[in-house]
Each structure stands twice: as C-alpha cells, then as structure tokens.
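Q: After the structure tokens below, expect a handful of questions from me.
What follows is calculated from the coordinates using simple rules that are stated; it is not laboratory data. What you see is a predicted model, and the numbers here were worked out from it, not measured in a lab. With ideal geometry, Cβ positions are generated from the backbone for all residues, glycine too; neighbour counts draw on all protein chains shown.
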Amino acid sequence: TSTGPDRLRRQIGEADAVLSGTPNCHDSYSGTPKSTLDCCSLDESSGTTVGVLEAAAGAGPWSARVHLRTVSRTLRAWTRPKAGKVTDSQSLIADDGILYGQLRQRLRRLGRKLAGYANLARYPGLTETAAAATARGEACD
C-alpha cells in the first residue's frame, strides 16, 4: 500500500493541472500547501500546470500568491499568468458555500482557464500560442 505522501506525489504527477490555494497567513501561504510542496520533487511537478488562489480576510497584500507561484516555478511547474484572489473571505464564504455570486463566477472562470491550460507545458506549440494570447491580454482573468 502507498503512504499518503506517495499517493499525493503520484496524483500530482498524473494530474493535468493543479490548483494551489491558501489563506493568507502572516503575508505568506499556510502550512498545508507548504507540506504539499515539500512532498513534491521535480519528477512530479516538472511541466505540471499550476493555478494559484489566495484568500484573505482583508484587502491584501497578496504575497502568498507570489510565494506559491515562485515555489511552483522552482519545481519547474508551469504557472498560470494570472492568479485568483478572494478578498474579505470571512464575509463571502460560509460553511454551505460561496455567498457572493460574482465571486462564484470568478472562481469558476479560474477553474475553466486552468483546465484550458492543462498540460500546456507538454505541448510547445500551444505554449507559444498561449504566451502570445497572454501578451495580447486575451488569456487574462
């Protein structure tokens, strides 16, 4: 039988894309994504498409997104050009779901765009096309 970390490494290695989300904890990401990233090596994460999402009780400063993106890039993952953020999360998300319709739509759009970029790094021609679209502002959230 495989251990939790072994199973996690296998799932990340087989994933088309990964959404890495975190609450903002002391201007960085929480221990949960840190533990997840610590389980990964270049073997599992190289070329994996990663989207980043940060939630905060206030209006920012949004440094956790930068930190998650930096660590993902260090592991040679391909990170989405734009990251998601949830401001005032304590008033927008409840135990039974997302309370604010526009936030729900933005998060769904983030998921669709992440799925659209899945496996992108494995297809060089698509990577060039996506980079050109991003430069024109077409791939941005």
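Q: Using amide H atoms built in the peptide plane, which far-off residues or other-chain residues are under 5 Å from Asn119 H to H?
A: Thr49
Q: To continue, here is another question. Name the long-range amide H neighbours of Leu19: under 5 Å, sequence gap of 5 or more, or other chain; modelled H, no Pro or chain starts.
A: Amide H neighbours of Leu19, under 5 Å, 5+ apart: Gly51.
Q: How about Lys113: which lysines have a C-alpha closer than 17 Å to its C-alpha, ignoring those fewer than 8 places off in the same chain?
A: Partners within reach: Lys82, Lys85.
Q: Using only alpha carbon positions, build the gyration tensor of region 48-91, then give the equivalent ellipsoid semi-axes as the square roots of 5 times its eigenvalues, largest first, whole angstrom. Don't skip to the answer; put the middle values down first.
A: Details: eigenvalues 99, 18, 9 Å².
Its equivalent ellipsoid spans semi-axes of 22, 9, 7 Å.
Q: Could you give the spread of the C-alpha atoms of region 3-85 along their three principal axes, from largest to smallest, in whole angstroms?
A: 36, 27, 17
Q: Quick one: check the C-alpha center-to-center distance for region 79-123 versus region 26-71, whole angstrom.
A: When both Cα centres are located, 14 Å separates them.
Q: With a sphere of radius 12 Å drawn around the Cβ of Pro33, what net charge do the other residues whose Cβ falls strictly inside it have (Lys, Arg +1; Asp, Glu -1)? Don't jump to the answer; show the numbers that get you there.
A: On the way: positive: Lys34, Arg65, Arg69; negative: Asp38, Glu54.
For residues surrounding Pro33, the net value is +1.
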